[in-house]
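Here the structure is laid out as structure tokens; the discussion comes afterwards.
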Amino acid sequence: IWGGAKLSDVLELVGIPKLTSVTQFGGRHVEFVSVDKCKEENGGPYKASIPLSQATNPEADVLLAYEMNGEPLNRDHGYPLRVVVPGVIGARSVKWLEEINIIAEECQGFFMQKDYKMFPPSVNWDNIDWSTRRPQMDFPVQCVICSLEDVSTIKPGKVKISGYASSGGGRGIERVDVSIDGGKTWMEASRFQKSGVPYISDHASSDKWAWVFFEVTADILQSTEIIAKAVDSAANVQPEKVEDIWNLRGILNTSWHRVKVQASHSNL
């Protein structure tokens, strides 16, 4: 649970109104610069940026955070100040913040321009052209089974299958499908964020930046493969196999989550 000041409020205090896409001087991006130095920047600071339209949108909930879980931010998480950009990959939530700059073009730092970009499977280190792809920002939809290990031994009978799902950009989770026969048939899991409170995708009562938990109980009588896949409120669905989305950096592997279970009939 993050605590701090909304970036949109802070920018408004220095003369940039809410819901601004471009300033009178041509600023379109907000750059965050860390005190942390890194070899990828040739000893310069780690930095990243987000669009000004996102930074000035109160609904985007971009936070200048100085608290975590009700206590002052600790050192590992960016003390004394960090950015939290919800729904966006963590590389844009800069820790140990030193500067905030309004700039015309997106940040030209290494981790914006030469890392965290998704390329097609045909691209390798010999033919890569970083300029042909935009930096990765929003998370795609994904889900994870947490109640079972990668290979679990179960007693045949009723088995609870549970985990979490999430998506970027504030999109809710419309559905989580679970299969107990390797993907031949599917059942819909129940979804919730708080116990006893119905979850409705993209409703005001839901937390658009938080995990959505899912749960289903199924009769499993023999060894099999259990699969979970999520669908978000924009109808985005996880890809079936990592081969379909494989990329040079291996980022955003959001393929179906699969867990093999072995049914044990032993009485020992």
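The values are calculated or read from the model by the stated rules, or taken from the named source; none is laboratory data. Values in this document were obtained by computation on a predicted structure and should not be read as measured data. Please note: Cβ atoms are built from the backbone with ideal geometry, for glycine as well, and neighbour counts cover all protein chains shown. Note: accessible area is taken over every heavy atom of the protein model, side chains too, but ligands, DNA and RNA are not part of it. Shrake-Rupley method; radii C 1.70, N 1.55, O 1.52, S 1.80 Å.
Numerical summary
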item	result
Flag if I154 is at pLDDT 95 or above and within 27 Å of V259 (Cα to Cα)	no
Filtered residue count, the range 13-40, keeping only those that are under 25 Å from D61 (Cβ atoms), out of contact with any Pro (no Cβ under 7 Å at 6 or more places or on another chain) and part of a loop (DSSP other than H, G, I, E, B)	10
Subset tally (residues that are over 25 Å from the mean Cα position of the chain (by Cα) and either of a type in the set (D, E, K, R) or exposed (fewer than 13 other Cβ atoms within 10 Å of the Cβ) (or both)) for the range 23-34	3
Residue within the range 63-79 that is within 15 Å of the chain's Cα centre (by Cα) and open to solvent by less than 60 Å² (accessible area, probe 1.4 Å) present	no
Residue in the range 107-146 that is least open to solvent (accessible area, probe 1.4 Å), counting only those that are within 30 Å of A235 (Cα to Cα), without any contact (Cβ under 8 Å) to a residue 40 or more places away in the chain and among the polar types (S, T, N, Q)	Q113
Residue in the range 35-56 that is farther than 24 Å from K208 by Cα, buried (at least 20 other Cβ atoms within 10 Å of the Cβ), touching a Phe, Trp or Tyr at 6+ places or on another chain (Cβ under 9 Å) and touching a residue at least 24 places away in the same chain (Cβ under 8 Å) present	yes
